[in-house]
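A short write-up of the structure that comes next.
The values are calculated or read from the model by the stated rules, or taken from the named source; none is laboratory data. Remember, predicted model here, so these are calculated numbers, not experimental data. Note that we place each Cβ from the backbone using ideal geometry, even for glycine, and neighbour counts take in every protein chain shown.
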Amino acid sequence: MSIRLVLVASLICLFLVGAPAVHASAIDSTLFTTYNLGGNNTNISWSVCGSLPGTSGCYGGGSLGPFGRIGAMIEGNPRQNLKAGTVTRYILMLATVLAAMRLPYTFIKRSM
């Protein structure tokens with residue numbers, strides 16, 4: 001195969017597939033959320049802190065619960081909506097309601 005044919009085929013593939021996505025940091029990358037268990041592991045309190053242009057500190061917080069005894073919690077990867085200026089992460093939590101029953105709870109954390 002000639003070099004010219006390989007080059008043309010490569011360019012056609014590039015135009016059909018598109019340019020590779022550039023991974024930039026999330027628009028809320030300077031903020032972090034701290035989660036704390038409370039109430040005999042039945043409540044979670046949270047606070048958002050970090051820095052924004054021209055300011056730093058803690059910007060908000062709240063609580064989730066009450067639940068049965070909380071066993072595990074994980075926060076997912078960010079999904080950005082640049083048009084709306086938001087970042088969404090899913091939070092999955094497992095809590096025991098009865099001795100033999102564990103229920104999954106799903107929450108959405110949206111930064112604006």
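Just a few scattered comments:
- Conditions (1) modelled with pLDDT under 85; (2) surrounded by 11 or more Cβ atoms within 10 Å (Cβ to Cβ); (3) over 15 Å from Lys109 (Cβ atoms): number failed by Leu11: (2)
- Evaluated against (1) on the phi < 0 side of the Ramachandran plot; (2) part of a strand (DSSP E or B), Asp28 falls short on exactly one condition, (2).
- Considering residues of the stretch 43-57 that are of a type in the set (A, V, I, L, M, F, W, C) and within 17 Å of Ser29 (Cβ to Cβ) only, the residue surrounded by the most Cβ atoms within 10 Å (Cβ to Cβ): Val48
- Search result, residues across the stretch 58-68 that are surrounded by 15 or more Cβ atoms within 10 Å (Cβ to Cβ) and either in a strand (DSSP E or B) or in contact with a Cys (Cβ under 7 Å, 6 or more places away or on another chain) (or both): Leu64
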